[in-house]
Amino acid sequence: MKIIKIMNQVALAAVVLSMSTLSAVASASMTREQIVLGSGWKFFFSEKGEEKAEPILRTNYNDSDWQVVSVPHTWNNVGYYQNDTTSHINTEQNINKQYGIGWYRLNFNAPSSDTKEQAWLEFDAASRVAEVWLNGVRLGEHRGGFTRFRFDATKAIHLNQKNMLVVKTDNTKPTGDSSTADTLPIAGDFFVHGGLYRPVRLVFTDPVHFDMLDYGGSGVYATTDLSESNKARVKVSGRVKNDADESKKVKVLAQLVDAKGKTVAQAEQALTLKPKSLVMLQQNLVVTNPTLWQGQENPYLYTLRTEIRGSNNQVLDILEQQYGLRNIVVSPDKGFILNGKPLRLHGAAYHQDKEGLGWAVRPDNVKQDVDMLVEMGANTLRLAHYPHGQPVHDLADKYGLILWDEIPLVTSWTYGEKYQAANDGLMRNAELQLKEMIKQNFNHPSVAFWGVANEVDFGAVVPAFLGATRGNTPDPIPVLKALNEKVKELDPSRLSTLANCCESREGLEKIDIPKTSPVADTVGLNRYYGWYFGDVEDFGPHLDLMHAQYPKLPISVSEYGAGGAVSLHTDNVLGGPVDSRGHSQPEEYMSYIHEESWRTINSKPYLFASWIWNAFDFATTVRTEGDSKDINTKGIITYDRTTKKDAYYFYQANWTNKPMVHVTSSHYSPRHYQVTDVRVYSNLDRTELWLNGKSLGVKSGCELKICVWPNVSLAVGENTVIAKGVGQQSSIQDQANWQLNESQSNRYFIDAGALVAASSKQHTFGSDNFFKGGKSASFDQLGGWGQPPVKPDIAQTTDRDLATTYRRGSFEYNLLLKNGRYKVVLLTVVPKENESSHFVVKANGHKIAELDSSAQAPKPALSAKYLSAEVDVVDGKMTLQFEPVKGEAYVSAIEVTPL
């Protein structure tokens with residue numbers, strides 16, 4: 001046995017025991033006493049933080065006007081939906097985006113303890129800086145809002161008396177000279193909530209105990225070696241602390257206990273601990289014919305039990321931790337391999353906030369989240385963009401999920417040369433949070449990757465959005481290398497990783513983007529083709545390029561996706577440009593991006609994993625988009641967890657074998673058009689579609705599990721759409737109810753060039769649809785990030801928003817109609833690039849309109865012009881052809897109504 005001695009010399013003897021069960025095994029409750037400090041807190045928020053601590057620390061301080069709260073608690077409540085489809089917890093009236101100081105006071109009785117002489121205060125997290133006093137004694141400060149920390153309260157606590165606990169939390173937005181300047185993150189597209197948002201406990205231990213001050217870790221850490229056939233070797237490293245004033249003779253026992261309670265391996269080691277000493281020791285356990293932790297296939301967990309016993313064999317301290325035996329290899333060609341078996345990882349990234357609770361979520365909230373993702377078929381989670389709490393780790397162990405943990409080094413890591421002291425502090429803080437994260441999650445078999453950074457290469461790209469060069473943005477490579485080395489020092493048994501956004505991306509060739517990909521053991525690519533940049537078809541070639549550049553580097557897709565609002569809809573995802581910064585973010589376009597992205601990802605065997613961005617909508621303060629304010633809408637489930645967006649069911653159809661079927665666009669009602677394609681996600685052998693009690697046919701073998709029934713005609717009133725299985729699967733079904741108003745029946749109001757139709761005082765328009773050819777365009781220009789678009793005036797129309805989008809080029813519209821006579825109205829606005837254009841419009845081959853802008857007098861501003869004609873339909877269809885004579889044809893809106 002290898003023994004590392006710290007502070008004092010110790011006498012020791014090592015003994016390996018037989019496989020019989022140890023006597024006098026005690027439960028944790030017999031050795032450690034824990035009191036959850038959850039209720040009765042008083043809270044006061046101070047935006048400027050000008051209050052002096054000294055008066056607040058006094059027992060007789062008057063806090064009668066402070067708010068009574070329970071912990072977990074945060075004062076922030078961020079992000080709200082602006083739709084009226086359902087009721088919402090968060091509204092414009094109750095949100096709280098304040099940064100500043102949160103003071104907490106708690107009066108509590110500490111029980112007397114005859115045997116437990118050491119007292120500790122344990123905080124699972126406090127954001128983002130916390131300072132703690134007990135009975136006026138300052139116990140310490142913790143900088144970092146995501147990891148557990150403990151303070152020794154032994155000398156300050158009053159046993160069997162009242163105690164006053166005061167905590168000052170600070171989530172001040174970081175700047176180079178702020179109180180949080182040296183505390184990560186200093187940037188990021190998520191809101192950093194303030195407060196005691198995870199549990200607080202008072203813990204009593206014996207003076208001899210496993211180290212309580214090892215960066216929030218357990219003090220006992222294990223690694224597994226499976227290199228020998230039918231044998232597992234577990235190395236258990238323990239930190240034993242003697243806080244007593246006299247020497248102690250003890251023995252340390254380590255056991256591995258199977259799921260039936262049988263001890264399958266154990267070891268014992270005798271120590272003589274000198275006063276105030278800390279000893280680090282290693283014990284080896286050998287398990288024959290082990291049952292391996294095989295992910296979701298068999299997430300088998302042993303119990304790693306470690307004990308400290310005194311000279312009379314009494315238990316002084318005991319820890320029981322769930323532990324899985326597993327080996328992970330990641331290959332640049334073969335992907336992720338768990339215990340020798342290839343496992344294709346697919347899942348989602350996960351932020352910890354929830355509407356109405358913010359970051360102050362409970363374990364049952366976390367379980368609800370994880371259960372929904374497992375039901376979808378996820379086998380991995382990326383815990384973004386900071387260390388998450390123990391509940392999600394425990395669930396991942398139990399469910400067999402693979403985790404990517406990461407520290408909050410997001411986008412920025414420096415304030416520039418002016419703030420060198422703060423910059424140095426940020427590096428120390430990055431290492432501190434990394435060390436805490438690894439120590440606290442070391443024994444979870446679910447954790448496979450330690451992430452050291454997210455999108456720090458974005459810092460080089462940000463100036464490009466402002467029309468500037470990279471400038472003096474420092475090189476992040478030295479920072480990343482230092483953190484990667486720290487991972488190797490702390491845990492050589494796992495792989496390091498990082499996520500980047502921009503390397504080798506088209507359109508950024510002139511920018512000096514740091515090549516961060518090869519710094520860590522693996523890399524994740526955050527790529528949003530078809531959303532922020534490029535076309536979704538460009539995704540595959542880019543992945544192939546990265547693989548060719550780094551053939552020996554395991555590559556994953558760590559973020560991909562699109563925003564989606566459940567109250568916004570389109571009838572054609574190619575009908576107009578998506579607005580990744582603003583309003584036009586229909587649910588159907590989000591599904592399109594996920595469908596095509598997954599098509600690409602699934603075709604690349606060299607990718608070891610992929611993570612959807614994001615599992616749930618989450619709070620931020622840099623967005624006004626879709627149907628929300630201060631919410632990132634890329635979640636496949638809404639912020640309040642009540643609505644699973646269509647994309648959720650797409651993955652469920654592709655990732656699970658459990659029979660399911662889902663009618664898409666179920667939230668789209670009333671409908672804008674009588675004629676629609678019906679899209680269904682289904683993993684059933686055969687799927688039948690029913691409309692108002694009539695079968696529309698059976699489909700099977702649908703590509704990507706997407707079954708489509710084209711050109712389905714809806715009836716006026718409520719339409720019941722049912723997709724169901726056939727034969728033995730006939731009980732598996734899903735239903736959507738779509739309303740079609742009389743005003744939309746046998747007529748068309750098309751907002752040409754629009755992905756989401758504009759509102760009009762005249763009619764209810766639908767998004768651009770039924771077209772063939774041409775390109776969509778808009779007179780509106782995107783504003784800055786988080787800013788509204790720049791909208792020019794358009795004269796001669798009361799429907800400016802309708803007129804601003806248009807279809808241009810050579811194109812046609814094919815409209816199904818009853819036979820009869822119809823009025824056709826065309827709204828046009830001459831684009832600047834087509835001021836000399838000339839085109840004709842035909843209906844079923846006959847010219848009904850002509851527009852020659854070159855013959856018109858020049859106009860100083862945009863101006864609308866309406867064209868109208870009457871058209872006879874004799875074969876159930878009207879084809880409107882827009883044929884250029886010179887330049888391009890163009891149209892902003894089309895109205896077709898019966899006469």
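The values are calculated or read from the model by the stated rules, or taken from the named source; none is laboratory data. Computed from a prediction, not measured in an experiment: that's the story for all the values here. Note: ideal-geometry Cβ built from the backbone for every residue, glycine included; neighbour counts use all protein chains shown. Please note that ligands, DNA and RNA were not included when accessible areas were found on the heavy atoms of the full protein model with its side chains. Shrake-Rupley method; radii C 1.70, N 1.55, O 1.52, S 1.80 Å.
Annotations for the structure displayed:
- Residue list for segment 206-245, restricted to those being over 35 Å from the mean Cα position of the chain (by Cα) and over 20 Å from Q255 (Cβ atoms): P207, S227, E228, S229, N230, K241, N242, D243, A244, D245
- Residues of segment 282-335 satisfying the condition of being in contact with a Pro (Cβ under 9 Å, 6 or more places away or on another chain) and of a type in the set (A, V, I, L, M): L301, L316, L325, V330
- Restricting segment 814-832 to residues that are outside any strand (DSSP E or B) and in contact (Cβ under 8 Å) with a residue 24 or more places away in the chain, the residue that is nearest to L880 (Cα to Cα): L817
- Any hit, segment 83-91, residues being outside any strand (DSSP E or B), touching an Asp or Glu at 6+ places or on another chain (Cβ under 8 Å) and crowded, with 16+ Cβ neighbours inside 10 Å: yes
- Selection status of W120, touching a helix residue (DSSP H, G or I) at 6+ places or on another chain (Cβ under 9 Å) and open to solvent by less than 60 Å² (accessible area, probe 1.4 Å): no
- Residues within segment 270-286 that are part of a strand (DSSP E or B) and either without any contact (Cβ under 8 Å) to a residue 40 or more places away in the chain or not polar (S, T, N, Q) (or both), tallied: 9
- Number of residues in segment 882-899 that are open to solvent by 10 Å² or more (accessible area, probe 1.4 Å) and under 18 Å from L802 (Cα atoms): the value is 2.
- Being under 21 Å from the mean Cα position of the chain (by Cα), at pLDDT 95 or above and under 25 Å from Y681 (Cβ atoms) holds for only one residue in I601, I555, and it is I601.
- Within segment 819-841, not a single residue is over 25 Å from S854 (Cβ atoms), open to solvent by less than 40 Å² (accessible area, probe 1.4 Å) and within 42 Å of the chain's Cα centre (by Cα).
- Test result for A460, among the small types (G, A, S) and either more than 28 Å from F539 (Cβ to Cβ) or modelled with pLDDT under 95 (or both): yes
Every residue, every condition in (1) more than 30 Å from V663 (Cβ to Cβ); (2) of a type in the set (S, T, N, Q); (3) out of contact with any Gly (no Cβ under 8 Å at 6 or more places or on another chain), yes or no:
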{"site": "A754", "(1), (2), (3)": "no, no, no"}
{"site": "F771", "(1), (2), (3)": "no, no, no"}
{"site": "A777", "(1), (2), (3)": "yes, no, no"}
{"site": "D793", "(1), (2), (3)": "yes, no, yes"}
{"site": "D799", "(1), (2), (3)": "yes, no, yes"}
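- For E850, the stated conditions do not hold, so it cannot be described as of a type outside the set (G, A, S), over 46 Å from the mean Cα position of the chain (by Cα) and within 11 Å of V825 (Cβ to Cβ).
- Only listed residue being open to solvent by less than 40 Å² (accessible area, probe 1.4 Å), more than 30 Å from the chain's Cα centre (by Cα) and closer than 26 Å to P387 by Cα, chosen from V166, V279, V252: V166
- Filter pass, R344 being farther than 30 Å from L253 by Cβ and out of contact with any Gly (no Cβ under 9 Å at 6 or more places or on another chain): no
- Here L704 fulfils each of the conditions (1) aliphatic (A, V, I, L, M); (2) in a helix (DSSP H, G or I); (3) under 29 Å from N746 (Cβ atoms) apart from (3).
- Taken over segment 736-762, the residue count meeting the criterion of being surrounded by fewer than 20 Cβ atoms within 10 Å (Cβ to Cβ) and either among the basic types (K, R) or in contact (Cβ under 8 Å) with a residue 24 or more places away in the chain (or both) is 13.
- When I601 is tested against (1) open to solvent by less than 10 Å² (accessible area, probe 1.4 Å); (2) part of a loop (DSSP other than H, G, I, E, B), only condition (2) is not met.
- Here G635 meets each of (1) under 28 Å from N365 (Cα atoms); (2) open to solvent by 40 Å² or more (accessible area, probe 1.4 Å); (3) free of Cβ contacts under 8 Å to residues at least 40 places away in the same chain with one exception, condition (2).
- Check on D214, open to solvent by less than 20 Å² (accessible area, probe 1.4 Å) and in contact with a strand residue (DSSP E or B) (Cβ under 7 Å, 6 or more places away or on another chain): yes
- As a summary of the residue check, T797 satisfies the conditions (1) loosely packed, with under 13 Cβ neighbours inside 10 Å; (2) at pLDDT 90 or above except for the one numbered (1).
- Boolean, A130 is under 26 Å from Q440 (Cβ atoms), in contact with a His (Cβ under 7 Å, 6 or more places away or on another chain) and part of a strand (DSSP E or B): yes
- Residues (of a type in the set (K, R) and open to solvent by less than 10 Å² (accessible area, probe 1.4 Å)) located in segment 638-670: K645
- Where strands (runs of 3 or more DSSP E) fall wholly inside segment 339-421, the ranges with 1 or more residues that are buried (at least 19 other Cβ atoms within 10 Å of the Cβ) and among the polar types (S, T, N, Q) are 380-383.
- The set of residues in segment 33-79 being open to solvent by 60 Å² or more (accessible area, probe 1.4 Å), farther than 13 Å from Q98 by Cα, in a loop (DSSP other than H, G, I, E, B) and not hydroxyl-bearing (S, T, Y) consists of E50, E51, K52, R58, N60, N62, D65.
- For segment 92-105, a residue qualifies if it is hydrophobic (A, V, I, L, M, F, W, C) and open to solvent by 20 Å² or more (accessible area, probe 1.4 Å), and exactly one does: I95.
Conditions (1) touching a residue at least 60 places away in the same chain (Cβ under 8 Å); (2) open to solvent by less than 40 Å² (accessible area, probe 1.4 Å); (3) on the phi < 0 side of the Ramachandran plot, marked per residue:
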| residue | (1), (2), (3) |
| --- | --- |
| P518 | no, no, yes |
| D521 | yes, no, yes |
| R527 | no, yes, yes |
| Y532 | no, no, yes |
| V536 | yes, yes, yes |
| P541 | no, no, yes |
| D544 | yes, no, yes |
| L553 | yes, yes, yes |
| S556 | yes, yes, yes |
